[in-house]
1. If you scan the range 120-163, which residues turn out to be surrounded by 19 or more Cβ atoms within 10 Å (Cβ to Cβ) and of a type in the set (Val, Ile, Thr)?
2. Which of the residues belonging to the range 107-159 are free of Cβ contacts under 8 Å to residues at least 60 places away in the same chain, among the small types (Gly, Ala, Ser) and touching a helix residue (DSSP H, G or I) at 6+ places or on another chain (Cβ under 8 Å)?
3. Report whether or not SER50 is under 20 Å from ASP152 (Cα atoms), in contact (Cβ under 8 Å) with a residue 12 or more places away in the chain, polar (S, T, N, Q) and surrounded by 10 or more Cβ atoms within 10 Å (Cβ to Cβ).
4. With THR92, THR8 as the choices, which residue is over 20 Å from PHE138 (Cβ atoms), modelled with pLDDT under 80 and over 25 Å from the mean Cα position of the chain (by Cα)?
5. Answer with yes or no whether TYR72 is surrounded by fewer than 16 Cβ atoms within 10 Å (Cβ to Cβ), of a type in the set (Phe, Trp, Tyr) and touching a strand residue (DSSP E or B) at 6+ places or on another chain (Cβ under 9 Å).
6. Out of THR101, THR143, THR129, THR113, report the one residue that is in contact with a strand residue (DSSP E or B) (Cβ under 7 Å, 6 or more places away or on another chain) and modelled with pLDDT under 95.
7. State whether the residues of the range 11-21 include one that is small (Gly, Ala, Ser), surrounded by fewer than 16 Cβ atoms within 10 Å (Cβ to Cβ) and on the phi < 0 side of the Ramachandran plot.
Amino acid sequence: MTSSFVETAKSRTAKRTYDPIADVESYEEGLSRFLADTTMGLTKKELSSSAYKVKVEYFDAAGDDKGYVNMYAADKTAYEEMASLLAGNEATETAAGIGGTASRESAEDTWSTRYSCAIGEDTFTVTITREYMHITGFEEDATLAAIEAWADTVAVFGGEEAGA
């Protein structure tokens, strides 16, 4: 007898892109709004992971680019501490072996936070980054509609603020 696969779920993915969020404070405010929201009907919202990347470039005395450092942190506080430590810190400039200066390239910083979520029996992942929101593993049209309707009200996630 030959066994057959039986479909048990349909896993769908959707991605919403938006203009890059200008600063980590605005990003954190968007995350706070996601966590505080009750309109989506989420029955589960658990932090799975987060990553904050800071980039600092090093230049020699002539202003020539001599290298860069990317550092990753798990939260905003550690991210800001790393940026402060690396940019303009004489010890790190000396350690880089260039004898020049360090420059923070905040436009190249990235932030990403992932949540395990559920609406009723539909379980899925929501990833929120500086440039997009990604919903992975959902099955129901209503799930996508609920999250999209909410995101439409949040400017940093490509929506319009309510009452604007």
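1. VAL126, ILE128, ILE135, THR143, ILE147, VAL154, VAL156
2. Passing the criteria: only GLY159.
3. So SER50 does not fit the description; no.
4. Criteria check complete, one pass: THR92.
5. Working: surrounded by fewer than 16 Cβ atoms within 10 Å (Cβ to Cβ): yes; of a type in the set (Phe, Trp, Tyr): yes; touching a strand residue (DSSP E or B) at 6+ places or on another chain (Cβ under 9 Å): yes.
Yes; evaluated as a whole, the condition is true for this residue.
6. Sole residue among the options that is in contact with a strand residue (DSSP E or B) (Cβ under 7 Å, 6 or more places away or on another chain) and modelled with pLDDT under 95: THR101.
7. Among the residues of the range 11-21, at least one is small (Gly, Ala, Ser), surrounded by fewer than 16 Cβ atoms within 10 Å (Cβ to Cβ) and on the phi < 0 side of the Ramachandran plot, which makes the answer yes.
The values are calculated or read from the model by the stated rules, or taken from the named source; none is laboratory data. All of these numbers come straight from a predicted model, not from anything done at the bench. As a convention, Cβ positions derive from the backbone with ideal geometry for all residues, glycine included, and neighbour counts pool all protein chains shown.
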